[in-house]
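Below: the structure, in structure tokens.
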Amino acid sequence: MTPSPVTITFRARAAEIPPELWAACFGAPLEGRFWYETLEASGLEDQFRFLYAMIERDGAPVGIAPCFVHDVPIALVAPDAVAAVLKVLSRVIPRVGYQRTLFVGSPCSDEGTVGLFPGVTLAEVIEPLARAIREKARELRAPMVVFKDFAEGDLEALRRLGPAEGFFEMPSYPGTAVALPPPDREAYIRSLGHTQRHNLLKKLRRSRELLELTTTVVDRPGDAELAEIFGLFMQTYERGKTKFERLDLRFFEQVREKPEARFILQRDAKTGALVTFMLVFHLGGRVINKFIGIDYARAGKTYLYFRLFDAAVDFAYSVGARELQSGQTGYRAKFDLGHRLVPLHNVVRHRNPLVHALFRVIGTRVTVGSLDPDLDTHFKAKEKKGGAGSEKRE
């Protein structure tokens, strides 16, 4: 049987794609139309240009591939030795340290997704999609194309692009998620290892002795409260090592209007000062920990991150979620809280054969452990105990 013809057209805004197609292709637990419309309205034009590949088969829409263009710092994904060389070279040739790239995926989501109608597989559309993406990249003067942060379940289809389109694969920062067994928080506590459970309960007990907090869940904070939230967000952002996007107050003004969004707020019970917050999305059986903020002047032995996570677990159980997804950074604390790693992969192609060969060599030197010292320590500890199990270092 002759395969059905697949065609790709591009749209500049999420609203230009029919709502029913978004609903069919990006239903919960995926971050769908609400997320991309939020990003479009958040004043990120100096960092990203968003666009959307609409996939049709036999003239009927069957999928959406969200994309964005970004001048990416190569040092963000390069091993330390390579990053050091690029940093020196970029002082003489600034563009050496950056690469204009057309990404398939989202700048602020854990996993890249090509959303497809039920019954349509990624393998059926990946090659015509990749060809269309390459042509669009040429039009946008983006010499590099990256399928960003795709899950292992997509790799079989994406690997077709090796022989067919000349892409290569490299690991990305893994996501993290923790299962929430029914019926309540106590079941989660029991699911932890003995040492994890003992340490968590000890930290929570000590924190409560030092600082009494009141916790609320807000679906639309007012302007004054939002300013407090943003202040804590910036404290955490400035301390972060990995900065792919820069968000300002406009993002929070937009996202608070979305029904999927909730803000978990913790205040000093005596003064009323905001001490921590977590922006979460409730998407079906999953709650996503999107962004957090902590007053680091009160951190240290008050273990505020663990108090905040404990509140997020309570919220997730209250809405019937069975998984809490926690993002791609801060691995050490997340291991302590029972998170598993979710392997993610980038699939990459540069238009210039020589540069492509160079990046491919760099890619062979990138391992999951080389991306983050907490990951490196984690894998070494697992290996010392007799193997990393299902978690992959490469």
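All of the numbers you see were taken from the coordinates with simple rules; none came from a lab. What you see is a predicted model; the values in this text were computed from it and never measured. Using ideal geometry, Cβ is built from the backbone for each residue, glycine included, and neighbour counts are taken over all protein chains shown.
Tabulated results
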| quantity | calculated |
| --- | --- |
| Extension gain, Val319 back to Arg332 (0.36 nm per residue minus Cα-Cα distance, nm) | 2.0 nm |
| Proxy reagent accessibility, fewest Cβ within 10 Å first, across Thr214, Thr367 | Thr214, Thr367 |
| Among the listed pairs Lys203/Lys258; Lys148/Lys385; Lys334/Lys385; Lys148/Lys290; Lys258/Lys301; Lys270/Lys334, those beyond 26 Å (Cα-Cα) | Lys203/Lys258; Lys148/Lys385; Lys258/Lys301; Lys270/Lys334 |
| Kirkwood Rh (inverse of mean 1/r, distinct Cα pairs), the stretch 176-341, angstrom | 16.2 Å |
| Distance between the stretch 229-274 and the stretch 136-196 - C-alpha centres, whole angstrom | 25 Å |
| Efficiency of FRET between Arg159 and Lys270 - r from beta-carbon atoms, R0 45 angstrom, step 0.05 | 0.20 |
| Value at 222 nm in deg cm²/dmol, rounded to 500, when DSSP H runs of n ≥ 4 in the chain each add -39,500 (n - 2.57) | -11500 deg cm²/dmol |
| Thr367-Leu30 pseudo-label distance in nm [points 7 Å out on the Cα-to-Cβ vector] | 3.4 nm |
| The chain: antiparallel DSSP beta bridges as a percent of all, rounded to 5 | 90 percent |
| Sorted by Cβ neighbour density within 10 Å, fewest at the top, the residues Leu265, Leu247 | Leu247, Leu265 |
| Spin-label proximity, Asp219 to the stretch 303-347 - amide N less than 14 Å from point 7 Å beyond Cα toward beta carbon | 319 |
| Relative contact order (%) - the stretch 176-341, alpha-carbon pairs under 8 angstrom, separation at least six | 35 percent |
| Which of His378, His198 has the fewest Cβ neighbours within 10 Å, and the rest in rising order | His198, His378 |
| Estimated inter-spin distance, Arg206 and Lys301, nm [label 7 Å along Cα→Cβ] | 0.8 nm |
| Computed Rg/Rh of the stretch 177-255, alpha carbon atoms with Kirkwood Rh | 1.06 |
| Tensor-based shape of the chain (alpha-carbon gyration tensor, a/c under 1.5 rounded, otherwise prolate or oblate) | prolate |
| Residue-span extension gain [Glu56 to Thr195] - 0.36 nm each, minus C-alpha spacing | 44.9 nm |
| Reachable aspartates and glutamates from Lys380, criterion Cα separation under 13 angstrom, eight or more residues apart if same chain | Asp372, Glu391, Glu394 |
